[in-house]
Amino acid sequence: MGKITKPRLNFWQIWNMNVGFFGIQFSFGLQQTAVSPIFSFLGAHHDELPLLNLAGPVTGLLIQPIIGAISDKTWSPKWGGRRKPFFLIGAILASLCLFAFPFSPELWFAVGLLWILDAGNNTAMEPYRAFVGDKLPDSQLTFGYQMQSLFVGAGITLANLSLFMFQHWFSTPVEGGGLFDTTSETVSSIPTWVYYSFFLGALASIGTVMWSVWKTPEIPPSDEELKEIQAHNAGTPAPIIQIFSVLLVIFSVPLLLGYLVGELFPQLLDNINLWVIIVLVFAFVWLFMLYRIIKNNTSNRSIKKLGDTLDPLLEAAEAIGVMPGFLWKLAAVYLFQWYALFVYWQFMPPMLRTSLFGISNEDNERFESIMASFREGAEISAQDQSFAQQVQSLAEQALGHAGLMNGTYNFVTMIVALALVPLAARIGSKLVYVVCLFLTGIAMLSMPFIADKWLLLAPMVLFGIGWAAMMGIPYAMVSKVIPEERRGVYMGIVNMMIVIPMLIQTVSFGPIIKNLLNNDAINAILFGGVFFIIAGILAMRLNLPKDKLDSAMDVDIP
């Protein structure tokens with residue numbers, strides 16, 4: 001395949017290219033900080049939070065490699081090129097869900113919206129990662145991905161600071177009696193001020209992506225590559241049909257088998273984590289069987305047609321089979337790193353409820369019992385009303401302070417992201433990454449022992465430095481060892497390495513916190529800190545080829 005020479009871009013070209021990542025990460029920032037508390041406001045227990053967040057890892061596992069494989073084989077000048085049509089569609093879908101999310105009347109409704117929101121964010125996320133690799137020469141990859149890390153920090157910072165500020169500006173005082181307002185047709189514990197952050201996120205998501213789409217042209221494929229794309233797509237269904245066909249084939253049989261198992265063994269439905277694990281095992285076995293059937297029956301027309309429809313899935317499977325050894329080592333690091341991050345995002349606000357504001361598990365259970373009785377029409381005593389209002393007020397303050405803490409670490413990320421580029425050139429990407437993982441572990445291990453809300457911002461500085469490295473340096477390292485023509489699918493596979501640990505966390509951590517960690521959010525955060533230390537130790541094995549090591553920063557900063 002003819003190799004295209006990529007032009008060197010200036011600072012503002014790289015800036016404009018990455019602006020859209022701001023809106024995507026604003027959305028992720030709201031998910032990280034506000035979604036689990038919203039589930040709690042709607043009645044979810046601590047041990048239910050991991051499974052309720054199952055949407056993130058499952059949609060990431062399925063959507064990102066599929067979109068990556070399809071976008072590798074796409075060229076549509078009418079709709080923007082190769083990657084831009086996908087992250088624009090994803091941003092539109094995410095914006096609509098962000099607008100609707102705070103109106104969730106019941107827990108099941110909020111969980112369903114989270115699935116759609118995550119599908120939109122993942123549709124935008126994967127091609128954006130590949131987009132940077134498509135546009136930049138190797139000498140500018142570290143800078144390009146660290147610029148993306150800067151916008152990760154900026155987007156999540158604004159998302160979290162909006163939660164902190166809106167809670168202070170617009171929260172209802174305890175004596176306002178908002179929880180037990182009998183004039184309302186529906187009873188919802190979601191604070192009104194949370195709505196404003198989600199509305200702002202909806203505007204940021206679509207607005208910034210449209211800016212990047214407008215300001216940054218894609219590099220057209222060479223004539224040889226264009227011929228290969230056209231030949232590959234001849235007789236292949238349209239991308240939207242491929243996406244829905246793949247999802248239908250993947251989900252249909254495992255869910256049917258899961259339903260039958262639930263009918264045969266009803267006790268499984270009392271342990272929903274175990275049932276989900278069984279369905280996922282069915283899914284992996286089913287996918288392996290499909291792959292073998294298609295590969296061993298290429299002469300059968302019907303099976304060949306099925307293979308054409310499932311081509312993105314097959315492309316991802318084949319890419320995993322020949323994946324560079326560096327990526328397998330990175331997968332081991334990511335197993336512990338992303339498991340720990342998911343623990344942090346789910347349990348940092350509950351930790352603050354206990355460590356800063358003194359709400360015990362018993363207080364949570366009494367609050368939920370009072371609210372359940374009120375929803376059923378029972379008369380609530382003045383004492384119980386006062387207690388519930390107090391717990392709600394403290395929980396809102398915990399959510400607001402979680403926003404400040406997460407905003408702080410992402411602000412630090414925004415500040416230090418580009419500073420890590422010359423540091424990586426001087427001492428190497430691997431060493432920077434290892435040190436930053438250890439700093440993040442130290443931050444998590446110290447948080448539960450700090451009782452002053454302002455001193456709690458100190459470990460967030462370490463966390464922010466670590467987050468800056470995690471969101472940029474591994475992608476730059478990966479981009480140097482993967483084949484150019486499979487960049488999209490391999491970036492999708494890297495994101496599979498992120499979501500598989502998250503998937504494992506969602507189905508395993510509920511029983512762990514309930515049975516081993518005393519259902520205590522403080523213990524959950526300490527658990528995550530230990531996992532970060534393990535990730536740092538494993539990252540010591542990440543060695544790039546000598547000809548792919550970092551060089552001096554190849555961009556002028558104005």
For region 314-429, just the Cα set please: Rg and Dmax, both in angstrom. 22.8, 68
Could you order the peptides 538-545, 160-167, 431-438, 58-65 from most to least packed, using the average number of other C-beta atoms within 10 Å per residue? 58-65, 160-167, 431-438, 538-545
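Taking the Cα centre of region 414-502 as origin, work out the dipole magnitude from +1 charges on Lys and Arg Cβ and -1 charges on Asp and Glu Cβ, in debye rounded to 20. Write down the numbers at each step before the final one.
Numbers: 6 positive and 3 negative charges, 29 e Å.
Here region 414-502 has a charge dipole of around 140 debye.
If you take every residue apart from residue 24 with its C-beta less than 15 Å away from the C-beta of residue 24, what net charge results, scoring Lys and Arg +1 and Asp and Glu -1? It would help to have the intermediate numbers written out before the result.
Numbers: positive: 83, 84, 129; negative: 118, 126.
So the surrounding residues net to +1.
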Considering amide H positions built from the backbone, and no H for Pro or chain starts, which residues 5 or more places from residue 81, or on another chain, come under 5 Å of its amide H? 76
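Where does region 318-360 land on Rg/Rh, using Cα atoms and the Kirkwood Rh? Provide the component values of the computation, followed by the final result.
Numbers: Rg = 17.4 Å, Rh = 12.8 Å.
With Rh from the inverse mean 1/r over Cα pairs, Rg/Rh is 1.36.
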Could you work out the longest stretch of the chain that avoids the GluC sites (Glu not before Pro) located in DSSP loops with at most 11 other Cβ atoms within 10 Å? 186-375
Greater than 25 Å apart at Cα, pairs in 6/329; 73/215; 78/295; 227/304: 6/329; 78/295
Which three extents, in whole angstrom, do the alpha-carbon atoms of region 26-79 cover along their principal axes, largest first? 47, 20, 13
Roll a 1.4 angstrom probe over the protein heavy atoms and tell me the percent of accessible area of region 1-127 that is carbon or sulfur. 70 percent
Degrees between helix 84-100 axis and first principal axis of the chain (Cα, 0 to 90, nearest 10): 10 degrees
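Residues with beta-carbon under 14 Å from that of residue 540, excluding residue 540: net charge, scoring Lys, Arg +1 and Asp, Glu -1?
Local charge sum for residue 540: +3.
From the Cα gyration tensor of region 427-535, with a ≥ b ≥ c the square roots of its eigenvalues, which class applies: rounded if a/c is under 1.5, or else prolate if a/b is larger than b/c, or else oblate? Intermediate values should be presented prior to the final figure.
Numbers: a/c = 3.06, a/b = 1.46, b/c = 2.09.
Note, shape of region 427-535 comes out oblate.
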Roughly how many whole Å is it from the C-alpha centroid of region 463-483 to that of region 363-379? 46 Å
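Per residue, how much accessible area does the chain show when a 1.4 Å probe rolls over the protein heavy atoms, in square angstrom?
Numbers: 22750 Å² over 558 residues.
I get 41 Å² per residue for this part.
In square nanometres, what is the average projected area of the Cα convex hull of the chain? Walk me through the numbers on the way to the answer.
Values: hull surface 105.1 nm².
With the hull built on Cα positions only, its mean projection is 26.3 nm².
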Taking θ as phi - 60°, what are the ³J(HN,Hα) couplings along region 523-530 by the Karplus curve (6.51, -1.76, 1.60), each to the nearest whole Hz, with x for Gly and Pro? 5, 4, 5, 5, 4, x, x, 4
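At a threshold of 8 angstrom on Cα-Cα distance, excluding pairs fewer than six apart, so keeping six or more, what relative contact order does the chain reach in percent? Let's see the in-between values first.
Working: 874 pairs, mean separation 162.9, N = 558.
Relative contact order for the chain comes out at 29 percent.
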Please give the contour-minus-distance gain from residue 454 to residue 75: 0.36 nm per residue of separation, less the Cα-Cα distance, rounded to one decimal in nm. 131.4 nm
Would you mind checking the tilt of helix 223-233 against the longest principal axis of the Cα atoms of the chain, expressed as 0 to 90 degrees and rounded to 10? 60 degrees
Given the options 117, 95, 75, identify the residue whose Cα lies farthest towards the positive end of the charge dipole of region 69-122 (+1 on Cβ of Lys, Arg; -1 on Cβ of Asp, Glu). 75
With everything on Cα atoms, drop me the angle between helix 138-170 and the longest principal axis of the chain, reported from 0 to 90° to the nearest 10. 20 degrees
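Give, rounded to the nearest 20 debye, the magnitude of the charge dipole that region 404-558 has about its Cα centre when Lys and Arg contribute +1 at Cβ and Asp and Glu contribute -1 at Cβ.
Numbers: 10 positive and 8 negative charges, 59 e Å.
Rounded to the nearest 20 debye, it is 280 debye.
Quick check for me: using +1 on Lys/Arg Cβ and -1 on Asp/Glu Cβ, what's the dipole size of region 1-135 about its Cα centre, in debye to the nearest 20?
On the way: 10 positive and 7 negative charges, 220 e Å.
The dipole of region 1-135 has a size of about 1060 debye.
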Of all the accessible heavy-atom surface of region 474-537, with the other protein chains kept in place and a 1.4 Å probe, what percent is carbon and sulfur? 66 percent
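Would you mind telling me the share, in percent, of accessible area of region 281-378 contributed by carbon and sulfur at probe 1.4 angstrom? Could the numbers behind the result be given before it?
Numbers: 2710 of 4590 Å².
Here carbon and sulfur together make up 59 percent of the probe-accessible area.
Provide the packing ranking of 197-203, 141-147, i.e. peptides ordered by the mean count of other C-beta atoms within 10 Å per residue, highest first.
On the way: 197-203: 21.1, 141-147: 25.9.
Highest mean packing first, the order is 141-147, 197-203.
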Top positive-direction residue, dipole computed over the chain with Cβ charges, set 160, 467, 131: 131
Tell me, what HN-Hα J-couplings in whole Hz come from the Karplus equation 6.51 cos²θ - 1.76 cosθ + 1.60 at θ = phi - 60° for each residue of region 324-339, using x for Gly and Pro? x, x, 4, 5, 5, 5, 5, 4, 5, 4, 5, 4, 7, 4, 7, 4
Once Lys and Arg are counted +1 and Asp and Glu -1 for all other residues with Cβ under 11 Å from that of residue 74, the total becomes +2
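The values are calculated or read from the model by the stated rules, or taken from the named source; none is laboratory data. Since this is a predicted model, take the numbers as computed values, not measurements. Note that each Cβ is placed from the backbone with ideal geometry, even for glycine, and that neighbours are counted across all protein chains shown. Just the protein is used for accessible areas: all its heavy atoms, side chains included, with ligands, DNA and RNA removed. Shrake-Rupley method; radii C 1.70, N 1.55, O 1.52, S 1.80 Å.
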